[in-house]
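What follows draws every value from the coordinates through simple rules; no lab data is involved. Note that the structure is predicted; figures quoted are calculated from it, not measured. Positions of Cβ are generated from backbone atoms using ideal geometry, with glycine treated the same way; all protein chains shown enter the neighbour counts.
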Amino acid sequence: MSKSSKKLELIEELINEVFIPINHISGMSLSVVQDGQIFLSKGYGKMDIENDEDARNDTVFALASIAKVIINYSASLMWCSAGWMGVRP
């Protein structure tokens, strides 16, 4: 397994086992892009709980609060600071 594959696997594990449960997120979309290349583009959880519809990489979510943006920005900085994305902020 390549170094990039291991990083993406770690990101997915953190999202599914830590980030989503701790923050009580029902669904989210995530794209990881570096130097114009997409490394990961995926939906996690549900886009519509009532109709049991899964989130996809192209799901557009309505922002209910600015907290979601702050959390995602913070998570991105954390991943970059840890060197997981191969870049530093």
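Starting with the highest mean, order 46-54, 10-18 by the number of other Cβ atoms within 10 Å, averaged over the residues of each peptide.
Details: 46-54: 11.6, 10-18: 13.9.
Highest to lowest by the protection proxy: 10-18, 46-54.
At full extension, residue 33 and residue 82 could sit 16.0 nm farther apart than now, given 0.36 nm per residue minus the alpha carbon distance.
How would you classify the range 3-81 from its alpha-carbon gyration tensor, with a ≥ b ≥ c the square roots of the eigenvalues: rounded for a/c under 1.5, else prolate if a/b is greater than b/c, otherwise oblate? In terms of gyration-tensor shape, prolate.
The helix-based estimate of mean residue ellipticity at 222 nm for the chain, built from -39,500 (n - 2.57) per DSSP H run of four or more residues and divided by its residue count, is -10500 deg cm²/dmol to the nearest 500. Computed over neighbours whose Cβ is under 13 Å from that of residue 10, the net charge equals -1, Lys and Arg +1, Asp and Glu -1. The lysines within cross-link reach of residue 7, meaning a Cα-to-Cα straight distance under 20 Å and a gap of 8 or more places when in the same chain, are 42. Which angle between 0 and 90 degrees, to the nearest 10, do you get for helix 3-14 versus the longest principal axis of the chain when only C-alpha atoms count? The angle comes out at about 30 degrees.
Can you give the relative contact order of the chain as a percent, counting alpha carbon pairs under 8 Å and 6+ residues apart?
On the way: 89 pairs, mean separation 15.8, N = 89.
Computed over the chain, the figure is 18 percent.
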